[in-house]
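To start, the structure itself, in structure tokens.
The values are calculated or read from the model by the stated rules, or taken from the named source; none is laboratory data. On a predicted model such as this, the values are computed, not experimentally measured, just so you know. Note that we place each Cβ from the backbone using ideal geometry, even for glycine, and neighbour counts take in every protein chain shown. Surface accessibility is based on the protein's heavy atoms, side chains included, excluding ligands, DNA and RNA. Shrake-Rupley method; radii C 1.70, N 1.55, O 1.52, S 1.80 Å.
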Amino acid sequence: MELKGKVAVVTGASRGIGRAIARRLAREGALVCVNYRNDGEAANSAAAEIAAAGGEAFALQADVSSVAEIERFFESLDAVLTRRRGDRAFDILVNNAGISGHGTIATATEETFDRVFATNVKGPFFTTQHALPRLRDGGRIINVSSNLSRRPLPHAPAYCMTKAAINNFTESLAADLGRRGITVNTLSPGLTATDMNARLREDPRMTQLFSSLTALGRVGTVDEVAEAAVLLASPRASWVTGQYFEASGGLGLVLPGFGVN
Ligand code: NAD
């Protein structure tokens with residue numbers, strides 16, 4: 001139990017990668033705050049699943065694309081942690097909440113552009129700003145990015161841009177927080193089976209295409225991404241900061257036509 005006594009906050013943790021990260025951090029002994037935007041039932045079931053496995057978790061609502069909601073979230077978190085642990089401090093922040101964002105350069109609208117940036121960039125930025133006075137020295141910040149931040153596809157340039165911004169955010173934050181012993185890293189999944197891309201994966205040609213571009217020759221699972229998150233959160237990664245860490249099975253390493261899969 002590498003994280004016994006630690007407290008973690010995972011945004012967007014009612015389902016998908018966030019839920020798997022919450023589950024895995026709790027299995028290492030952390031008390032986990034499962035943040036969710038609107039599916040309270042799913043978030044409570046994530047917390048109950050953790051409790052049934054012998055861990056500790058609670059659900060807390062906030063839309064992290066709004067600074068007012070982030071402020072309210074941390075006030076509620078302060079109250080819960082003070083009640084459960086005697087003070088409001090916590091140790092691990094996982095900025096996971098994200099949306100995919102639609103539209104090519106020809107079809108994207110101002111509304112979709114603003115929404116994806118508000119969720120994927122403004123959200124982690126201001127969540128981190130509010131977390132910092134509460135995060136213990138020696139803590140961990142993990143920013144969930146995407147393989148598409150480095151290998152953008154034309155189907156959704158705005159989404160790819162948000163994730164490139166996150167990679168950059170990780171580096172400036174790591175430089176700023178090193179003096180406090182806080183590490184900041186980017187965790188970058190490749191195509192991972194979640195609700196976010198269920199429609200894409202319904203088309204067997206798309207699954208086949210992504211698998212053929214991936215060194216390990218398949219789509220990843222949320223548990224595989226969560227395993228990488230635990231590694232970054234653990235004391236084993238104490239000397240790793242400001243890094244781009246990809247858990248993608250090697251998506252993009254295989255050139256089209258040169259695949260061996
Ligand atoms: P998902 O849609 O299953 O889960 C995302 C979660 O974030 C949902 O629970 C959603 O409600 C929550 N969320 C969205 N906006 C929010 C907001 N404003 N406030 C609070 N919560 C909010 O998607 P996922 O695949 O689990 O994605 C998790 C992260 O991984 C995202 O940042 C995504 O960009 C990234 N990612 C996913 C993949 C993939 O293939 N699934 C690949 C690369 C990166």
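At a Förster radius of 35 Å, what calculated FRET efficiency corresponds to the Cβ-Cβ distance of Glu227 and Ala79, to the nearest 0.05?
Plugging the Cβ-Cβ distance into 1/(1 + (r/R0)^6) gives 0.65.
When you have a sec, figure out the Kirkwood radius of the stretch 95-181 from all distinct Cα pair distances and drop it here in Å to one decimal?
13.7
For every helix of n ≥ 4 consecutive DSSP H residues, a contribution of -39,500 (n - 2.57) applies; sum these over the chain, divide by its total residues, and give [θ] at 222 nm rounded to the nearest 500 deg cm²/dmol.
-13000 deg cm²/dmol
Can you bin the stretch 1-47 into rounded, prolate or oblate? Criterion: square roots of the alpha carbon gyration tensor eigenvalues sorted a ≥ b ≥ c, rounded for a/c under 1.5, prolate for a/b above b/c, oblate for the rest.
Prolate, since a/c reaches 1.5 and a/b exceeds b/c.
Given the peptides 244-252, 89-97, arrange them by the average over their residues of other C-beta atoms within 10 Å, most packed first.
89-97, 244-252
Compute and list, largest first, the equivalent-ellipsoid semi-axes of the stretch 7-247 from the alpha carbon gyration tensor, each √(5λ) rounded to a whole angstrom. Mind dumping the intermediate values first?
Details: eigenvalues 150, 75, 69 Å².
Equivalent ellipsoid semi-axes, largest first: 27, 19, 19 Å.
In angstroms, what radius of gyration and Dmax does the stretch 20-90 have, counting Cα atoms only?
12.1, 34
Suppose every Lys and Arg Cβ carries +1 and every Asp and Glu Cβ carries -1, with no other charges. What dipole size does the stretch 34-179 come out with about its Cα centre, to the nearest 20 debye?
380
Mind putting a number on the dipole of the chain about its Cα centre? Charges go on the C-beta only, +1 for Lys and Arg and -1 for Asp and Glu, and I need it in Debye to the nearest 20.
Working: 28 positive and 26 negative charges, 100 e Å.
So the dipole magnitude of the chain works out to roughly 480 debye.
For the chain, report the accessible area per residue in Å² (1.4 Å probe, heavy atoms, rounded to an integer).
47
With bins 10 Å wide starting at 0, give me the P(r) of the stretch 161-261 over every alpha carbon pair, in whole percents.
P(r) over the stretch 161-261, rounded to whole percents: 15, 37, 32, 14, 3.
To the nearest whole percent, what portion of all C-alpha pairs in the stretch 9-140 is separated by more than 17 angstrom?
Roughly 58 percent, once rounded to a whole number.
Which order do the peptides 164-170, 141-147, 14-20, 194-200 come out in when sorted by mean C-beta neighbours inside 10 angstrom, highest first?
141-147, 14-20, 164-170, 194-200
Testing the spin-label approximation: label points 7 Å from Cα along Cα→Cβ at Ala51 and Asp87. State their distance in nm.
2.7
Which residue, Ser100, Ala62, Leu25, has the largest displacement toward the positive end of the dipole of the stretch 1-106 when charges sit on each Cβ (Lys, Arg +1; Asp, Glu -1)?
Leu25
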